[in-house]
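Heads up, the thing below is written out as structure tokens.
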Number of protein chains: 4
Amino acid sequence: MPLFDIYERQGFRISMRTPYNRIAGENLDRLAALSDGIFAVAMTLLVLNLHIPEALPKGMISIDDGVGLLRALIRHLPNLLAYFMSFLTLGILWVGQQTQLNHFRSVDRNLTWLHLGFLLALTLIPFSTSLLATFITNYVALLIYWLNILLMGVTHFASWRYASHIGHVREDMATEEMSRVHERRLIIAQSLYALTVIPAFIVKNTSVSIVLIVLIQLNYAIAPRIPLLDRL
Amino acid sequence: MPLFDIYERQGFRISMRTPYNRIAGENLDRLAALSDGIFAVAMTLLVLNLHIPEALPKGMISIDDGVGLLRALIRHLPNLLAYFMSFLTLGILWVGQQTQLNHFRSVDRNLTWLHLGFLLALTLIPFSTSLLATFITNYVALLIYWLNILLMGVTHFASWRYASHIGHVREDMATEEMSRVHERRLIIAQSLYALTVIPAFIVKNTSVSIVLIVLIQLNYAIAPRIPLLDRL
Amino acid sequence: MPLFDIYERQGFRISMRTPYNRIAGENLDRLAALSDGIFAVAMTLLVLNLHIPEALPKGMISIDDGVGLLRALIRHLPNLLAYFMSFLTLGILWVGQQTQLNHFRSVDRNLTWLHLGFLLALTLIPFSTSLLATFITNYVALLIYWLNILLMGVTHFASWRYASHIGHVREDMATEEMSRVHERRLIIAQSLYALTVIPAFIVKNTSVSIVLIVLIQLNYAIAPRIPLLDRL
Amino acid sequence: MPLFDIYERQGFRISMRTPYNRIAGENLDRLAALSDGIFAVAMTLLVLNLHIPEALPKGMISIDDGVGLLRALIRHLPNLLAYFMSFLTLGILWVGQQTQLNHFRSVDRNLTWLHLGFLLALTLIPFSTSLLATFITNYVALLIYWLNILLMGVTHFASWRYASHIGHVREDMATEEMSRVHERRLIIAQSLYALTVIPAFIVKNTSVSIVLIVLIQLNYAIAPRIPLLDRL
């Protein structure tokens with residue numbers, strides 16, 4: 001991975017030469033607070049995609065018609081599925097970012113900006129979810145959703161690599177083995193997402209991919225003892 | 001409650017066997033921060049349901065017509081009632097979750113995910129409130145609102161059960177009696193909600209249920225000294 | 001103020017008799033965190049009232065017509081004024097609530113609920129601002145805006161009274177004089193708002209009131225050395 | 001800079017004479033928390049400008065038409081550019097404000113209000129971004145966007161000046177040289193923005209300016225080792 005190496009090796013010297021950058025972005029607590037805020041807003045904004053009351057104006061369904069409302073809601077289940085999938089995505093990423101930041105003892109402006117890149121991708125999730133919910137059977141919508149997840153994986157990976165090379169990882173966690181745990185986790189997860197989405201792009205059908213993504217995410221959330229998945 | 005028992009007993013061993021899961025999601029402060037963020041956004045988003053200015057365009061009411069505006073606002077009182085009810089719901093749940101987290105000394109990735117399930121249900125409250133405000137007399141809308149509250153109660157209960165079995169509760173709070181206080185609170189509250197909503201589903205009328213829910217919630221918020229309710 | 005006295009004196013004994021309430025809502029830090037979150041979201045949501053791009057669709061103004069855009073924006077200045085006024089309102093209240101919480105050493109569930117009442121009123125500010133921006137010359141819109149500010153003042157005052165009677169105020173701040181400073185501040189501010197708004201209700205014209213409110217708020221924000229206002 | 005001097009010298013005495021103002025707004029942690037909240041909401045709200053699913057209703061594009069969706073998204077690239085530019089703006093300002101607050105040891109109500117002025121300007125960014133995304137080739141939209149950035153620069157500069165004169169800067173950071181680093185950073189950045197935008201106002205064309213702004217911001221975010229830019 002020569003690209004990361006160059007970036008990491010030059011990164012510190014660059015900031016060393018620029019006085020302001022040497023003092024900027026060094027507060028780990030505030031980085032965590034900003035992240036929690038953005039995760040919280042993004043998780044809550046997802047629900048705005050479930051704009052059923054607007055989609056079901058009183059004119060269309062009698063206000064007292066229980067069965068009619070139920071039927072209309074059932075027709076909107078793809079929206080709810082996209083909502084659920086994106087909440088799981090954000091939950092998995094939040095647990096991952098929290099775990100990574102927990103293992104840092106310090107942060108510099110480069111590491112801060114790698115996380116801001118991660119957060120940039122994060123704020124796009126409500127948008128790409130909304131796109132996928134509207135065009136649930138369109139493989140381009142699925143592709144964009146996947147690119148969004150990929151971007152988060154790449155920035156998160158770069159953040160760990162940079163932090164462990166520069167020496168921002170807490171001493172008790174700065175072991176070869178711990179690095180392998182963090183990096184393997186990200187590589188396996190991103191490989192699973194890629195393997196799930198690329199076929200959809202080839203056969204131009206999204207249904208199987210979406211079901212598989214939700215299953216992968218449930219696996220990460222619930223962590224059941226399935227022998228095959230045990231090592232992920 | 002065998003389901004919970006199985007989950008709890010297996011839960012810890014599962015995460016023990018998976019290296020990443022053993023180190024993930026262990027920051028109690030960040031769980032509290034994410035929760036506060038989601039509560040804050042959800043509480044503030046509720047107000048978006050009060051979209052009276054859009055519902056009352058200048059074309060319909062003369063901009064200077066005070067009496068006309070007042071009448072129009074009064075006609076929108078059901079929206080305000082749904083808003084008020086949901087704010088109370090979120091307030092009660094926030095006090096409850098805060099109290100529970102205060103009694104924890106640590107957290108693991110399973111407990112984190114139980115809270116993420118709780119927060120998932122929480123982010124749905126603005127949606128189910130909006131649905132109920134639009135279809136205020138529709139028993140299906142009320143049913144969905146209740147299922148939302150039930151889902152929060154179940155995840156909150158599971159979180160306490162799991163934490164107290166695994167040993168995440170602070171030593172000074174890890175007593176049989178304290179567990180009973182936490183669990184009884186949740187069971188009584190959920191029973192009251194169920195007793196209030198189920199009749200509406202049978203007689204297919206929502207008005208009595210909504211008034212009763214608001215009264216139950218005011219009881220929890222204000223905690224007056226009414227002999228009958230004193231033990232709730 | 002017999003109502004508050006009764007509430008305060010009974011308040012503690014009530015919670016004493018109810019086990020759950022004795023342990024609930026005791027985290028001062030999380031109350032501050034929730035408040036900051038709600039203030040942050042409310043302050044940022046205000047800007048959604050400035051929906052000029054939607055009000056000025058490309059069809060109406062040529063995309064390159066600078067003068068046309070400028071004219072259209074100037075016609076929307078009342079919206080900007082309402083926005084500015086509400087941001088000042090929220091800023092003043094945030095400074096006030098922060099100052100009050102800083103002087104507390106502890107909190108109980110009753111005090112928590114008084115603050116939740118304060119936050120409920122707070123989440124209504126984007127709504128009443130939006131109403132006032134749409135019906136800027138309508139005295140009923142102004143009246144509702146004022147009732148919203150009044151509700152925040154009352155809950156904030158009740159919170160201080162309750163906290164100082166029950167003994168939640170930090171020892172170094174629990175003096176007669178400090179109480180007078182806190183309470184006088186709220187009473188004078190609310191009296192100024194009332195004196196400003198009530199005439200508008202009588203003469204059924206809002207312009208003078210709105211200008212006066214902004215001046216009062218600028219006085220609190222900038223705190224200039226004007227002899228007459230120096231003691232507010 | 002006589003205006004700031006007068007303000008700063010009078011500032012402290014003013015608050016000294018007003019009892020409430022002497023005790024108000026002194027919590028540095030809560031100022032940071034409110035700022036993080038507002039940054040988080042503003043960063044996430046930006047994405048609401050990317051309302052492509054609404055702009056592309058199912059009626060216009062067949063739900064399965066991948067190529068059609070891709071073409072429609074490409075036509076919306078200016079929106080994405082405005083989004084990206086504003087996220088970078090907010091990221092740069094967040095790093096800057098975090099760095100400044102990190103160097104404070106205390107805060108008073110005047111300093112708090114200077115930051116509230118900064119946050120007021122911040123909450124306008126989603127609005128001016130939305131305006132610029134809608135009228136991407138209109139120089140008045142660009143001018144308003146720039147005035148917004150300028151307002152943030154001015155309040156941020158005033159905050160540092162006031163804090164360093166009154167003595168709120170941490171002892172280890174309260175050096176002449178550190179002040180020069182903070183102030184030079186802001187002056188150079190604002191000069192670059194002004195130099196970029198003013199020509200657009202003269203030639204009444206926005207494209208070159210927008211590209212230059214993004215390049216300036218990428219320079220601040222990535223901090224590459226370009227000799228010419230090394231001293232910024």
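The values are calculated or read from the model by the stated rules, or taken from the named source; none is laboratory data. Just so we're clear, the structure is a prediction, and the values are computed from it rather than from any experiment. With ideal geometry, Cβ positions are generated from the backbone for all residues, glycine too; neighbour counts draw on all protein chains shown. For the accessible areas, the whole protein counts, side chains as well, though only heavy atoms, and no ligand, DNA or RNA atoms are used. Shrake-Rupley method; radii C 1.70, N 1.55, O 1.52, S 1.80 Å.
Say we look at region C:196-213 and pick out the residues that are in contact (Cβ under 8 Å) with a residue 24 or more places away in the chain and open to solvent by 80 Å² or more (accessible area, probe 1.4 Å); which of these is farthest from C:I144 (Cα to Cα)?
C:K204
Please determine whether any residue of region B:79-94 is without any contact (Cβ under 8 Å) to a residue 24 or more places away in the chain, farther than 19 Å from C:F127 by Cα and open to solvent by less than 20 Å² (accessible area, probe 1.4 Å). Give the steps one after another, and end with the answer.
Initial filter on region B:79-94 (without any contact (Cβ under 8 Å) to a residue 24 or more places away in the chain): none.
No; the residues of region B:79-94 include none that is without any contact (Cβ under 8 Å) to a residue 24 or more places away in the chain, farther than 19 Å from C:F127 by Cα and open to solvent by less than 20 Å² (accessible area, probe 1.4 Å).
Residue check, C:V107 against (1) at the interface with another protein chain (Cβ under 9 Å from one of its Cβ atoms); (2) touching an Asp or Glu at 6+ places or on another chain (Cβ under 9 Å), all met but one. Which one?
Only one criterion is unmet by C:V107, namely (1).
State the number of residues belonging to region B:131-181 that are touching a strand residue (DSSP E or B) at 6+ places or on another chain (Cβ under 9 Å) and among the basic types (K, R).
The qualifying residues number 1.
Please work out which residue is nearest to the chain's Cα centre (by Cα), limiting yourself to region C:110-128 and to residues that are facing another protein chain (nearest Cβ under 9 Å) and among the hydrophobic types (A, V, I, L, M, F, W, C).
If we filter region C:110-128 for residues that are facing another protein chain (nearest Cβ under 9 Å), which is where we start, we get C:110, C:112-113, C:116-117, C:119-120, C:122-127.
Next, from what is left, pick out any that are among the hydrophobic types (A, V, I, L, M, F, W, C): C:113, C:116, C:119-120, C:122, C:124-125, C:127.
Values: C:W113: 17, C:L116: 13, C:L119: 9, C:L120: 11, C:L122: 6, C:L124: 10, C:I125: 8, C:F127: 13 Å.
My answer is C:L122.
From D:L131, D:L90, which residue is within 11 Å of chain C (Cβ to nearest Cβ) and not acidic (D, E)? First the steps, then the outcome.
Numbers: D:L90 fails: within 11 Å of chain C (Cβ to nearest Cβ).
Within the list D:L131, D:L90, the selection yields D:L131.
Answer yes or no: is there a residue in region A:140-150 that is of a type outside the set (D, E, K, R), free of Cβ contacts under 8 Å to residues at least 40 places away in the same chain, at the interface with another protein chain (Cβ under 8 Å from one of its Cβ atoms) and open to solvent by less than 20 Å² (accessible area, probe 1.4 Å).
Yes: region A:140-150 contains one or more residues that are of a type outside the set (D, E, K, R), free of Cβ contacts under 8 Å to residues at least 40 places away in the same chain, at the interface with another protein chain (Cβ under 8 Å from one of its Cβ atoms) and open to solvent by less than 20 Å² (accessible area, probe 1.4 Å).
Would you mention how many residues in region D:74-95 are touching a helix residue (DSSP H, G or I) at 6+ places or on another chain (Cβ under 6 Å) and over 18 Å from D:I216 (Cα atoms)?
So the count comes out to 2.
Starting from residues that are at pLDDT below 80 and of a type in the set (S, T, Y), keep the ones in region C:7-43 and report whichever is nearest to B:A32 (Cα to Cα).
To start, the set of residues in region C:7-43 that are at pLDDT below 80 comprises C:7-23.
Filter once more, keeping what is of a type in the set (S, T, Y): C:7, C:15, C:18, C:20.
On the way: C:Y7: 31, C:S15: 25, C:T18: 25, C:Y20: 20 Å.
Filtering region C:7-43 for residues that are at pLDDT below 80 and of a type in the set (S, T, Y), the one nearest to B:A32 (Cα to Cα) comes out as C:Y20.
Just to be sure, is C:Y193 of a type outside the set (K, R), within 14 Å of another protein chain (Cβ to nearest Cβ) and open to solvent by less than 30 Å² (accessible area, probe 1.4 Å)?
Working: of a type outside the set (K, R): yes; within 14 Å of another protein chain (Cβ to nearest Cβ): no; open to solvent by less than 30 Å² (accessible area, probe 1.4 Å): yes.
Criteria not met by C:Y193.
Residue under question is A:I136, and the condition is that it be within 14 Å of chain D (Cβ to nearest Cβ) and touching a Ser or Thr at 6+ places or on another chain (Cβ under 8 Å); does it hold? Outline the logic, then answer.
Values: within 14 Å of chain D (Cβ to nearest Cβ): yes; touching a Ser or Thr at 6+ places or on another chain (Cβ under 8 Å): yes.
So A:I136 passes the test.
Which members of region B:105-122 meet the condition of being within 27 Å of B:E171 (Cβ to Cβ) and open to solvent by 10 Å² or more (accessible area, probe 1.4 Å)?
Residues satisfying the conditions are B:R105, B:S106, B:D108, B:W113, B:L114, B:G117.
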